[in-house]
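> Before we start, here is the structure in question, set down as structure tokens.
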Amino acid sequence: TLDETRRLARLVAELQTLSLAEAGQLPLHRREVAAADLLEDVAARFAGAAVEAGVVLKVTPDEASPPLFVDPERLEGVLSNLTANALRHTSAGGHVTLSATAATGGAALLVADTGEGIAADDLPFVFDRFWRGDRARGRIAGAGLGLAIARQLVVAHGGTIEVFSAPGEGTTFVIFLPQV
């Protein structure tokens, strides 16, 4: 069917992006951008989905956060993946917060939710390709490549990504990007 063809095409594109990023061959079109602008763009993209899910989506940028020298399209893809996951795993009445703050030697971007959280046993594997925490999810949920791609895109920018979570207490992803 057409849906299956689109799904396979998306999977091939994701695998290609991941392979290029892992090999250090992914072209980045860097420019200076304010963290607040990136976060606002991502929040605007997901505003409708947040309202539909009954989740409060807010942006809290730190004006002291240094400008980022990044490929905005690639970094927006990372933030979009994290935001989509946060909305998917946060119940109505919950919150998803996108924030930026100055950090030693650069800036930190955070995507935090008040959702279901991730089990401690699963945390070491969340960035592995094809890994999915909820094994009961169907194929529609995705191929399990989003966080693997996110990690590689952050690494391609010279940064790091970490996750902090506990079941029932939500999840926070922290992206550190060095000041260039």
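Just so it is clear, none of the values below were taken in a lab; they were calculated from the coordinates. Here the structure is a predicted model, which means the values were calculated and not measured. Don't worry about glycine lacking a Cβ; one is built from the backbone with ideal geometry, like all the others, and counts go over all protein chains shown.
> At 7 Å along Cα-to-Cβ for each site, give me the label-to-label distance between Glu169 and Asp3 in nm.
3.8
> Place a label point 7 angstrom from the Cα of Ala92 along the Cα-to-Cβ direction, then list the residues of segment 48-66 whose backbone nitrogen is under 14 Å away.
Under 14 Å, as judged by backbone N against the label point of Ala92, lie 50-56 of segment 48-66.
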